[in-house]
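These notes are about the structure you will find just below.
The values are calculated or read from the model by the stated rules, or taken from the named source; none is laboratory data. Treat the numbers as computed from the prediction; the structure is a model and nothing was measured. FYI the Cβ positions are ideal-geometry reconstructions off the backbone, even for glycines, and counts take in every protein chain you see. Ligands, DNA and RNA are stripped out before the accessible areas are found, and what is left, the full protein with its side chains, is counted by its heavy atoms. Shrake-Rupley method; radii C 1.70, N 1.55, O 1.52, S 1.80 Å.
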Amino acid sequence: MREVYISGAAMTPFARHTRSIQDLVQEAVLGAVRNAEIKLSDIQAMYSANVFGGMILGQVLVRDLGITGPALYNVENACASGATAVHLARMALQLGKYDTVVVWGVEMLSQLGGGTIPLQRNDYKTELYAAQGLTLPSVYAMRATRYLHERNLPRSVLAEIAVKNRAAGSRNPYAQQRKEVTVEEVLASRQVAEPLTLLQCCPSVVDGAACVVLTTRKPTNSAKPVRILGSAVQSGHQELGCGDILDGEITARTARLAYEEAGVDPSEVDVVELHDAFTIAELIYYEALGLCAPGESASLLQSGATSLGGRVPVNPSGGLLAKGHPLGATGVAQMVEIVWQLRGQAEGRQAEGARVGVTQCTGGGIAGVDHAASSVHVLAV
Amino acid sequence: MPAGYAFVADEFGEMTLLASKSRTTGLGVFPRLPATAPSASQYEDLEIHGHASLYSFTVIHPNPKSGLAPFVLAMADFPQEVRVLGRLECALTDVAIGMKLSCRPASDNASGFVFVPAAGAA
């Protein structure tokens, strides 16, 4: 199987942008192309990840850029759209269909008017649950309630995730929210869905784009060549009976596939960008990604191992909590951050000496399915 | 009340909810699959009733601009191995994991039912 490299990586700041969605994508694409030191004419295919932009968005975004003509694949898998696009692009490269492609993700949530991201309305069961008041924060909140109950932990352990990630985000010029916070401030912020407070939720009004160049040609630019060693996408099982909502089954299953393909043990991972849309998620994913044993996520957090300077920094970018979560862009932006980390270019938030990095994101919460999609990638230099 | 989810089954006003049971795993899923679904043959009908146990919950605080009051959303596990998500009407200070719940009609709720603490349940 052919090796696949990420030879170029770029993103826009995640923020409330007044520029157009075309502007954001073109900035990210041109940045990644420059970073890879290739020409636009080298691009043989394009993968465009987005959730709310509508049909044939990718073609609209790059029409004026001068790379029309090659195959363009529009990819939607909720919050895992960007990671799914990378997965598909890598597969095409491995199979020899292309040598060099670009993958971007983009979202303009400010155009939705803010507030909680709506559940999709294409399912009789989700319709019923939405009518009850179910939103994505409330799904995570019920997990948090159960987590604190079973583990006999105080609410402050959730707040500590927000403190850690927002501290990292304060060092990242691409993050939307760059203010450090204390546990007390997190707990005192507005209640959203107990036990989750506002500062434990990713910002809901954020725009941004991110892009990577994938190639089978060993990069010749000056940066360390980053390889994708493992890439997995899985879908969620139907929830039947009365299962354990603290079991991150889909994430653990996806991670196992990615680790196996990469030939990497979780203990060898140096840095992680994971899907901390809400604080409780990060604790559950520590265990699902094998960063600690089941039941030990709070201890791992409180040991400092996942903070900047720790054994395996998690979300050095600030994560979704601080950087923001423009859905279609998130999976690609996670990879941009890990590329920068592995190259030693994450100024101000560098995981020193990192050689193996992991990205993980989940997509969508359909009623009756744990998560609709999960994607895990293992990158290395 | 939407058709197909629930009906009042007894003189005390408690409801029976209509679910499906997987023929493969024997586990339940709520609400009942539409009878017209091509996948319906993989399931058999299941009526769920009796006291449920509160598995988890959250108190949702709608955006203050909405003017809406906080409410409780609950996951309730029934003895028939089915988990049902619904609103719980209860004093916020009384909500606790493991409390016993029953199901009542609710005209102001789009789903037509609501959980309440079970009368006389320990």
Worksheet entry | Crossing angle, helix A:21-36 versus chain A [Cα axis fit, 0-90 degrees, rounded to tens] | 60
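Mind checking the per residue accessible area of segment B:6-117 for me, 1.4 Å probe, whole number of Å²?
Values: 5230 Å² over 112 residues.
Here the per-residue accessible area is 47 Å².
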Discussion item. With a 10 Å cut-off between alpha carbons and a GNM built on chain A, which of A:331, A:69, A:318 moves the most?
Written reply: A:69
Worksheet item: Does anyone have the angle between helix A:136-151 and the longest principal axis of chain A? Alpha-carbon axes, 0 to 90°, nearest 10?
Response: 50
Worksheet item: Which residue fluctuates the most in chain A, going by a Gaussian network model with Cα springs under 10 Å, if the choices are A:211, A:292, A:79?
Response: A:292
Item to complete: With only Lys, Arg, Asp and Glu charged, each at its Cβ (+1 for the first two, -1 for the last two), find how big the charge dipole of segment A:78-179 is about the Cα centre; round to the nearest 20 debye.
Response: 420
Worksheet item: For the pair B and A, how large is the buried accessible area, both sides, in square angstrom to the nearest 100, if the probe is 1.4 Å?
Response: 2800
Worksheet item: Which whole-number percent is the relative contact order of chain A (Cα, under 8 Å, 6+ apart)?
Response: 26
Item to complete: Using only the Cα atoms of segment A:1-129, construct the convex hull and provide its projected area averaged over every direction, in square nanometres to one decimal.
Response: 9.3
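I need the shape label for segment A:267-381. Rule: rounded when a/c is under 1.5, else prolate if a/b > b/c, else oblate, with a, b, c from the alpha carbon gyration tensor.
Judged from the Cα gyration tensor, segment A:267-381 comes out oblate (a/c at least 1.5, b/c at or above a/b).
For n ≥ 4 DSSP H runs only, could you compute -39500 (n - 2.57) per run for chain A, divide by its residues and tell me the 222 nm figure to the nearest 500?
-10500 deg cm²/dmol
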Response to the item:
Computed about the Cα centre, the charge dipole of chain A from +1 Lys/Arg and -1 Asp/Glu charges at the Cβ has a magnitude in debye, to the nearest 20, of 760
Worksheet item: Are there trypsin sites (Lys or Arg not before Pro) in segment A:170-264 that DSSP marks as loop and that have at most 12 other Cβ atoms within 10 Å, and which are they?
Response: A:179, A:190
Worksheet entry | For segment A:175-290, size of Cβ-based charge dipole, Lys and Arg +1, Asp and Glu -1, in debye | 760
Worksheet item: Looking at segment B:7-69, which trypsin sites (Lys or Arg not before Pro) are in a loop (DSSP not H, G, I, E or B) and have at most 12 other Cβ atoms within 10 Å?
Response: B:23
Worksheet item: Among the GluC sites (Glu not before Pro) within segment A:266-326, which fall in a DSSP loop and have no more than 12 other Cβ atoms within 10 Å of their own Cβ?
Response: none
Discussion item. Below 8 Å between Cα atoms, with a sequence gap of 6+, how large is the relative contact order for segment B:6-117 in percent?
Written reply: 24
Item to complete: Could you work out the equivalent-ellipsoid semi-axes for segment A:1-66, taking the square root of 5 times each eigenvalue of the Cα gyration tensor, largest first, in whole Å?
Response: 22, 15, 13
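Is chain B best put as rounded, prolate or oblate by its Cα gyration tensor, with a ≥ b ≥ c the root eigenvalues, rounded for a/c under 1.5, and otherwise prolate when a/b is larger than b/c, oblate when not?
Prolate is the answer for chain B, as a/c is 1.5 or above and a/b outweighs b/c.
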Discussion item. Let me understand chain A better: what is its radius of gyration from the alpha carbons, and its Dmax, in angstrom?
Written reply: 19.2, 58
Worksheet entry | Angle in degrees between helix A:156-169 and the longest Cα principal axis of chain A, rounded to the nearest 10 | 30
Fill in: Shape category assigned to segment A:186-277 from the gyration tensor of Cα positions, a/c cut at 1.5
oblate
Item to complete: Please identify, among A:267, A:81, A:231, the residue showing maximal mean-square fluctuation in a Gaussian network model of chain A using a 10 angstrom Cα cutoff.
Response: A:267
